[in-house]
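Inspection log for the structure reproduced underneath, given as structure tokens.
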Number of protein chains: 2
Amino acid sequence: MDDPVLVEVLRGGLVESRHRGAAAVVDSEGATAFAVGDVARPVFPRSAVKPLQALPLIESGAADRYALSDEELALACASHSGEPAHVEGVARLLAKAGLDVSALACGTHWPSSQAAAFALAKTGAPSALHNNCSGKHAGFLCVARAMQIDHAGYWRPEHPVQLAVRAVLEDLTGATLSQACCAVDGCSVPTWAVPLTNLAHGFARFGSGRGLSTLRARAAARLRAACAQKPWYVAGTGRFCTEIMQLLGARVLVKTGAEGVFCGALPELGLGIAVKCDDGAGRAAEAIMAALIACFLPLSDREHAALARFARPTLRNWSGLEVGEMRVVEIGHATTYD
Amino acid sequence: MDDPVLVEVLRGGLVESRHRGAAAVVDSEGATAFAVGDVARPVFPRSAVKPLQALPLIESGAADRYALSDEELALACASHSGEPAHVEGVARLLAKAGLDVSALACGTHWPSSQAAAFALAKTGAPSALHNNCSGKHAGFLCVARAMQIDHAGYWRPEHPVQLAVRAVLEDLTGATLSQACCAVDGCSVPTWAVPLTNLAHGFARFGSGRGLSTLRARAAARLRAACAQKPWYVAGTGRFCTEIMQLLGARVLVKTGAEGVFCGALPELGLGIAVKCDDGAGRAAEAIMAALIACFLPLSDREHAALARFARPTLRNWSGLEVGEMRVVEIGHATTYD
């Protein structure tokens, strides 16, 4: 089935590039409030489900046992930019569980923050702490320590930590996570393909607590509060997730995933959102997510204008000349930006 | 009209992302040897036509007057990585015309080469010399100087240098470049949207000299020889254009453009190639170009295996684990990689 074009990239008066995709907005009972494209096709959510993957960190008692701060909980939900305070926060998280960088199995890459990468390159090279997933991995390690089990191989599908993560994902999304839909994520943990409707349903429940056990609903509320309080730790300077949550606070939780995935929750409305850009483009997934938030969430004029910067960005070249724009199409209310 | 999926990105056993696009392979008489997708829709070729845009550099007499080397001519055709020898080469090109960096209007960005960016960040900041288009701009400036006209505003559509470039593009592609299909490129010069069949035809003529004036055919041959001799100067370390031309020498000329465009010539066959990935993804455009070269050009086993690295790359994560692959579909002969 062909997904429709959801984002057009214009240069001058012509469409230069186009992004197809699908998106679902679902309430906590599983009813679809909005859907476009094939929302039943399984999609690897990648890092977009990190807030859900962090639930065992609370539920296992690890967060209390190690007295984790909001910053540290936000890092466990993060795809961070590898800026100094991110890296220090993850090191602190590990230290609280009696571990250090050597326990991380996420692999190493340079910070996505150019400023952080340049500063680091002057004196050294990145470690696994700089990996955008290091906070999530530190969280997994805390869970293993709190469960008093061997943390070696904590990233493998059969390890008790990943089994706990999988059970949480199945509970929230209502999807069966079978071997056939399992692949290896960029940081080596399992990623399971799940339909967008299920992902959106999972985020509706995560955002509202409805349909979850009391323990799980409380855990979700704690993670949401941590992300709303410390959104810089969920992404980083100038990043979409950080800026949206700085703008809208606890009224929205958004989380990016690789290959054009975006998930989010609008807790006050009890809605969850899941977006997949077919070609994997993050620029389009961000614009779609911004447009969907603007569709559903009551916004002040200031907030609406701030979101427009993401939903309908002006494109400039290296000399600062305006050369075009991006626009979201096929999402009804998004025409508020027309 | 819907372009077909030409590239699939697999994670585990599932397709995670998919890229649609169009491609044309045309001979020097304008006959289509292969076409997929909407090859009649105008596409901004962006930097993919730099070798064509460099023709006035030869035809104006500037290349002889300033005794330009193969390295300098390759830089005039380049989207370079901003590595030290690129930057030095462009400075030399400008100096030969009695100019310096202050004459460049391409704007400034950090080198795309991470190593070059890190080295530069240790001591300073980029200048317009580091812009990937600085060699093309230096070439334009040489043309203005050789024409003995004011080089100020050399990047504007109405400047004699851009009028000369436009006339060359119209001659080679056979397309009429009207205001309606004109936009501003990343480096501020005009970019005209042209159908892929016309772009491929233009590259067939550029590669073979057929259908061109003797002067123009000679100019094209000189630029082709420069790129074949010095492919590192056309892109940079580890880049697709450089590696393909290092592998295949004068048998192929390939040039990348922003937003998923690729153009190329197979001179010994008299064929031109033009590719546009609808969503602007460079990874897909590269894979399609590699597959098309493998379809048409007679290759040794070693060359075929080397191209497979681009046409069907294995995808690994930050820990080096194999997580998936990219594969080209819908391009008949590309199944030689199945």
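Might you let me know whether region A:271-288 holds any residue that is over 30 Å from B:Val15 (Cα atoms), surrounded by fewer than 24 Cβ atoms within 10 Å (Cβ to Cβ) and touching a residue at least 24 places away in the same chain (Cβ under 8 Å)? No, there is no match, as no residue in region A:271-288 is over 30 Å from B:Val15 (Cα atoms), surrounded by fewer than 24 Cβ atoms within 10 Å (Cβ to Cβ) and touching a residue at least 24 places away in the same chain (Cβ under 8 Å). Pairs are defined by a Cβ separation below 7 Å, a sequence spacing of at least 6 or placement on different chains, a first member in region B:225-241 that is open to solvent by 10 Å² or more (accessible area, probe 1.4 Å), and a second member that is among the aliphatic types (A, V, I, L, M) and assigned to a loop (DSSP other than H, G, I, E, B); the pairs so defined are B:Tyr233/B:Ala78. For region A:172-186, a residue qualifies if it is open to solvent by less than 60 Å² (accessible area, probe 1.4 Å) and either closer than 23 Å to A:Ala74 by Cα or assigned to a helix (DSSP H, G or I) (or both), and the qualifying residues are A:Leu172, A:Thr173, A:Cys181, A:Asp185, A:Gly186. Within the set B:Ala287, B:Ala226, the sole residue that is within 15 Å of the chain's Cα centre (by Cα), on the phi < 0 side of the Ramachandran plot and within 14 Å of chain A (Cβ to nearest Cβ) turns out to be B:Ala287.
Looking across region B:16-36, just one residue is within 14 Å of chain A (Cβ to nearest Cβ) and open to solvent by 40 Å² or more (accessible area, probe 1.4 Å), and that is B:Arg18.
Reported count of residues in region B:182-195, each being more than 7 Å from every other protein chain (Cβ to nearest Cβ) and over 24 Å from B:Thr108 (Cβ atoms), is 3. Scanning region A:92-105 turns up no residue that is under 27 Å from A:Asp278 (Cα atoms) and open to solvent by 30 Å² or more (accessible area, probe 1.4 Å). Within region B:197-224, the set of residues being open to solvent by 40 Å² or more (accessible area, probe 1.4 Å) and not in a helix (DSSP H, G or I) comprises B:Arg210, B:Gly211, B:Ser213. The residues in region B:24-38 that are hydroxyl-bearing (Ser, Thr, Tyr), in a strand (DSSP E or B) and under 18 Å from B:Asp171 (Cα atoms) can be counted, and the count is 0. Taken over region A:7-48, residues that are touching a strand residue (DSSP E or B) at 6+ places or on another chain (Cβ under 6 Å), in contact (Cβ under 8 Å) with a residue 40 or more places away in the chain and polar (S, T, N, Q) amount to 2.
Under the condition of being within 13 Å of chain B (Cβ to nearest Cβ) and among the small types (Gly, Ala, Ser), which residue from region A:37-47 is farthest from A:Leu199 (Cα to Cα)? In this case the residue turns out to be A:Gly37. Every condition in (1) crowded, with 19+ Cβ neighbours inside 10 Å; (2) on the phi < 0 side of the Ramachandran plot; (3) of a type outside the set (Phe, Trp, Tyr) is met by B:Gly82 except one, and the failing one is (2). Scanning region A:113-126 turns up no residue that is closer than 19 Å to A:Ala67 by Cβ and more than 12 Å from chain B (Cβ to nearest Cβ).
Exactly one residue out of A:Leu315, A:Leu266 is more than 21 Å from the chain's Cα centre (by Cα) and at pLDDT 95 or above, and it is A:Leu315. Within region A:148-201, the set of residues being of a type in the set (D, E, K, R) and without any contact (Cβ under 8 Å) to a residue 60 or more places away in the chain comprises A:Asp150, A:Arg156, A:Glu158, A:Arg166, A:Glu170, A:Asp171.
The values are calculated or read from the model by the stated rules, or taken from the named source; none is laboratory data. All values derive from a computational prediction rather than experimental measurement. Please note: Cβ atoms are built from the backbone with ideal geometry, for glycine as well, and neighbour counts cover all protein chains shown. To get the accessible areas, we keep the full protein, side chains included, count just its heavy atoms, and leave off ligands, DNA and RNA. Shrake-Rupley method; radii C 1.70, N 1.55, O 1.52, S 1.80 Å.
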